[in-house]
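Only the coordinates and a few stated rules stand behind these numbers; no lab work does. In this text the structure is predicted, and so the values were computed from the model without any measurement. For neighbour counting, all protein chains shown are included, and Cβ atoms are generated from backbone atoms with ideal geometry for every residue, glycine included.
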Amino acid sequence: MQTLPNLLLIILISLSSTTSELVGQWSGALDMQGNKLNVIFHINQAGDTYEATFDSPDQNIKGIPVSKVTFDFPNVKFESNAIGMVFEGNLRGDEIKGLWKQSGRAFEVTFTRDRTVDNK
């Protein structure tokens, strides 16, 4: 009889952890014809929605707004109207792998969670 309550508790804990897995700082580099362009996403959760900005340190640009964040584990989607960009990927542990689409071009990129920032 104890098995069912324990199973329900485990399921609830796992569901709550997957919804917050996206929150934090994620770093990656776009490979644009041999030129690397570093990108850092900053993702926060406000209730049931996510808010994000990103930086392009190689271009000295910070706080580019992400217009829409969609997260349906493991699927992640970022849209930025400011630069006409869409990123679609899959979250697996501390990595989000996917495609960055902008100006009719697509670039594979992997973003890695920066745990040193998340733990401060």
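Return the distance in nm (one decimal) between the two label points of a simple spin-label model at K77 and M32, each offset 7 Å from Cα along Cα→Cβ.
Inter-label distance under the simple model: 2.4 nm.
How far apart, in nm, are the 7 Å Cα→Cβ label points at T53 and Q102?
That separation, rounded to one decimal, is 1.7 nm.
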